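Visitor: My questions all concern the structure below.
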Amino acid sequence: MSDAPRPAGASADGGLGTVAPALFVVLWATGFVVARLAMPHAPPLGFLALRFAMTLVALAPLILLARAPWPDRRTAGHLAVAGLMIHAAYLAGVWAAVAAGMSAGVVALIVNLQPVLTAIWMALGTERIGVRRWLGLALGLGGVALVVAHRIGTEGLAPSSIALAALGLVAITAGTLYQRRHAPSFDLRTGSFVQYAAAFAATAPLAAVLEPGARWDWGAPLAFALAWSVFALSIGGVFLMYLLNRRGSATRVASLFYLVPPVTALQAWLLFDEPFGMRAAVGMALVAVGVGLAVRR
């Protein structure tokens, strides 16, 4: 990374134009696999607080060695607000909904309404959403529904778990759009440090109050899930998401989230032998067509 004052990665996206979206989808999809590994062994808020703390430790030497520039006070404030939504509220909502008994399929279906919510939000603002893109968003949503249909059940559909999943959906949508408007350019290393510090400051007290005496089953699954969450997701996946947001419209980038459930289903089939039948394959094809229509310039 360059020591120049321009934001880290500001020009790197040109070289990653075709690779970054695919890599982002693959990495982001592993988040649900990691959740499956970690959930039986740690409390959700405690795991997230530890994940944020370890991410701060991992970022610190990168910042010091590169002498990365820090955002000014105003930008740092906006980044902290966005971090509370994108990291703390989104992940806490999703993980707490699963911990409350909601199936992963239902959570995935709710959270992956993000492209539609983003399109509606942007259509009310400054971004024009054409008929072709609306059609792509509709096809993508239908494909996601087909992919996760076999995982959807009525268990865990309490008002509280639905509210938690909806919190995650609104938080990541609002946080992404807020950051896009108020802090579109920043050094990824120091800016992310500010965001994760804010997320840790929010989740650590909640974990202490809501999960006192929670059981931690330390072993290879939990250690791997924690390490992957820090380096592959909190640093790799999030950095890629920010780079993509810099180079594309909000609706185009959000539509990539439609690809996450199909890729997650493939990963679960490979790693856990979960069923992946013809209906999921048709849904995956619909998602691909829908995303293609939504992101096409």
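Visitor: For the condition among the small types (Gly, Ala, Ser) and over 25 Å from ALA29 (Cα atoms), what is the one hit in ALA92, ALA49, ALA96, ALA60?
Guide: Only one candidate qualifies: ALA60.
For (1) assigned to a loop (DSSP other than H, G, I, E, B); (2) surrounded by fewer than 16 Cβ atoms within 10 Å (Cβ to Cβ), each residue gets a yes or a no:
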{"position": "GLN179", "(1), (2)": "no, no"}
{"position": "SER185", "(1), (2)": "yes, yes"}
{"position": "THR190", "(1), (2)": "no, no"}
{"position": "PHE200", "(1), (2)": "no, no"}
{"position": "ALA204", "(1), (2)": "no, no"}
{"position": "TRP216", "(1), (2)": "yes, yes"}
{"position": "ALA223", "(1), (2)": "no, yes"}
{"position": "SER229", "(1), (2)": "no, no"}
{"position": "ILE235", "(1), (2)": "no, no"}
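Visitor: How many residues does the stretch 64-78 hold that are surrounded by fewer than 17 Cβ atoms within 10 Å (Cβ to Cβ) and either at pLDDT below 95 or out of contact with any helix residue (DSSP H, G or I) (no Cβ under 6 Å at 6 or more places or on another chain) (or both)?
Guide: The qualifying residues number 8.
Visitor: Okay, moving on. Can you confirm whether MET102 is buried (at least 17 other Cβ atoms within 10 Å of the Cβ), modelled with pLDDT under 95, not in a helix (DSSP H, G or I) and not hydroxyl-bearing (Ser, Thr, Tyr)?
Guide: yes
Visitor: Which of the numbered conditions does PRO69 fail, given that it passes all the others? Conditions: (1) touching a Ser or Thr at 6+ places or on another chain (Cβ under 8 Å); (2) under 20 Å from PRO212 (Cα atoms).
Guide: (2)
Visitor: Separate question: For the stretch 142-164, which positions are touching a helix residue (DSSP H, G or I) at 6+ places or on another chain (Cβ under 6 Å) and modelled with pLDDT under 85?
Guide: Residues satisfying the conditions are GLY142, GLY143, VAL144, LEU146, VAL147, VAL148, ARG151, ILE152, SER161.
Visitor: Of the residues ALA22, ALA68, ALA29, only one is in a helix (DSSP H, G or I), touching a residue at least 60 places away in the same chain (Cβ under 8 Å) and not polar (S, T, N, Q); which?
Guide: So the residue among ALA22, ALA68, ALA29 that is in a helix (DSSP H, G or I), touching a residue at least 60 places away in the same chain (Cβ under 8 Å) and not polar (S, T, N, Q) is ALA29.
Visitor: For ALA174, all conditions in the list (1) at pLDDT 75 or above; (2) of a type outside the set (Ser, Thr, Tyr); (3) open to solvent by 50 Å² or more (accessible area, probe 1.4 Å) hold save one; what is the number of the exception?
Guide: Every condition holds for ALA174 apart from (3).
The values are calculated or read from the model by the stated rules, or taken from the named source; none is laboratory data. Being a predicted model, the structure only gives us computed values, none of them experimental. Counting neighbours? That spans all protein chains shown, and the Cβs are built from the backbone with ideal geometry, glycine included. For accessibility, only protein heavy atoms count, side chains too; no ligands or nucleic acids. Shrake-Rupley method; radii C 1.70, N 1.55, O 1.52, S 1.80 Å.
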